[in-house]
């Protein structure tokens with residue numbers, strides 16, 4: 001029954017299928033055998049704020065926006081990595097994107113019961129977030145205050161696009177080996193005076209770092 005069957009196309013097809021399966025397996029292993037850094041809030045729904053500091057003394061108002069979050073970074077991959085750059089990307093009302101690098105904000109203090117005033121760690125820009133350990137090993141996590149600043153002027157279209165006071169953003173971490181890790185985050189709006197209660201030196205810090213016209 002099978003004597004007259006041409007086996008060559010069948011063998012070629014079988015070899016092709018096996019090659020495809022092996023290739024997908026190698027690709028999957030390659031994807032899994034990499035660092036995978038994810039960023040999440042340390043306290044769900046808390047310490048994730050954004051605010052504004054507006055100067056209306058000029059003909060064109062200058063708007064300064066502050067985004068602060070207590071965020072943790074975790075390496076869920078199989079290889080260590082360093083982080084060479086951190087940026088936060090938001091969308092404006094005119095649908096254009098705006099990005100900010102990570103700023104090294106002064107450490108804030110909080111009052112803890114039975115412990116008094118304690119300084120919170122702050123995430124620093126560059127590959128060495130805490131001045132002692134630049135590499136994130138598999139399964140390792142680090143956490144600290146992240147601060148981002150935006151300066152804009154002109155019409156109201158050059159303002160962050162938010163819904164019911166919630167600002168959606170994407171944090172982008174550039175790995176030391178060319179990887180890019182992205183995580184979606186949301187920040188709640190608070191009045192600047194409320195933010196200063198947590199970060200007493202914030203106003204001077206913002207004005208110092210955004211003292212030039214943002215245009």
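Tally the DSSP beta bridges in region 31-105 and give the antiparallel ones as a percent, rounded to 5.
100
What is the Cα convex hull volume of region 35-209 when expressed per residue in Å³?
126
Quick check: residue separation of residue 193 and residue 78 times 0.36 nm, minus the Cα distance between them. What number comes out in nm?
37.1 nm
Ratio to report: Rg/Rh of region 175-215, with Cα atoms as the point set and Rh obtained by the Kirkwood method; give two decimals. Write out the running numbers ahead of the final one.
Numbers: Rg = 15.6 Å, Rh = 13.5 Å.
Looking at region 175-215, the ratio lands at 1.15.
Under a crude label model (7 Å from the Cα following the beta-carbon direction), how far is residue 85 from residue 182 in nanometres?
In this crude spin-label approximation the distance works out to 1.5 nm.
For the residue pair residue 211 and residue 93, what label-to-label distance in nm results when each label sits 7 Å from Cα along the Cα-to-beta-carbon direction?
Each label point lies 7 Å from its Cα, and together they span 3.0 nm.
Laboratory data are not the source of any read-out in this text; all were calculated from the coordinates shown. Fair warning: this is a prediction, and the values are worked out from it, not measured in the lab. Note that we place each Cβ from the backbone using ideal geometry, even for glycine, and neighbour counts take in every protein chain shown.
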